[in-house]
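Everything on this sheet refers to the single structure shown next.
What follows is calculated from the coordinates using simple rules that are stated; it is not laboratory data. Here the structure is a predicted model, which is why all the values come from computation and not from measurement. For neighbour counting, all protein chains shown are included, and Cβ atoms are generated from backbone atoms with ideal geometry for every residue, glycine included.
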Amino acid sequence: MAQQVKPSATVKTTAPAAKSTSTEQVKFIFDKSNYRLLIISVAVVAFGFVLMSGTTDIYSNTKIVIAPIVVLAGFALGFFAILKKPSAQ
């Protein structure tokens, strides 16, 4: 049989830290305008996909040209919303 090994020192447990009651304001990464632009960009991309679905016309000008441009514009707006620096206050 294997030999049992006893620990040489006892393990001390500490009490959990008390909850902090300070009311520090949380700093978000993005500003309100950034979130607004992100929501608008999601809506623009969704509108572009709705334009792509359209009717049964496969080769319509809306499906082939306009809808992809609208989707790309939505992605560009989202990219801009992420990279835009928040206003310094």
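Taking each DSSP H run with n ≥ 4 as -39500 (n - 2.57) and averaging over every residue of the chain yields -15000 deg cm²/dmol at 222 nm. Dividing the mean sequence gap of close Cα pairs (under 8 Å, 6+ apart) by how many residues the range 32-83 holds gives a relative contact order of 53 percent. Listed options for mean projected area of the Cα convex hull in nm² are (1) 16.7; (2) 8.8; (3) 10.9. The value calculated from this structure is the one marked (1). For the chain, the longest principal axis of the C-alpha atoms and the axis of helix 32-53 are separated by about 50°.
At full extension, residue 6 and residue 40 could sit 5.9 nm farther apart than now, given 0.36 nm per residue minus the alpha carbon distance.
When the P(r) of the range 32-83 is calculated, the portion above 19 Å amounts to 30% of the C-alpha pairs. Using C-alpha pairs under 8 Å with a sequence gap of at least 6, the mean separation divided by the residue count of the chain gives a relative contact order of 35 percent. With R₀ fixed at 41 Å, the C-beta to C-beta distance from residue 13 to residue 87 puts the FRET efficiency at about 0.30. Relative to the longest principal axis of the Cα atoms of the chain, the long axis of helix 67-83 lies at roughly 40 degrees.
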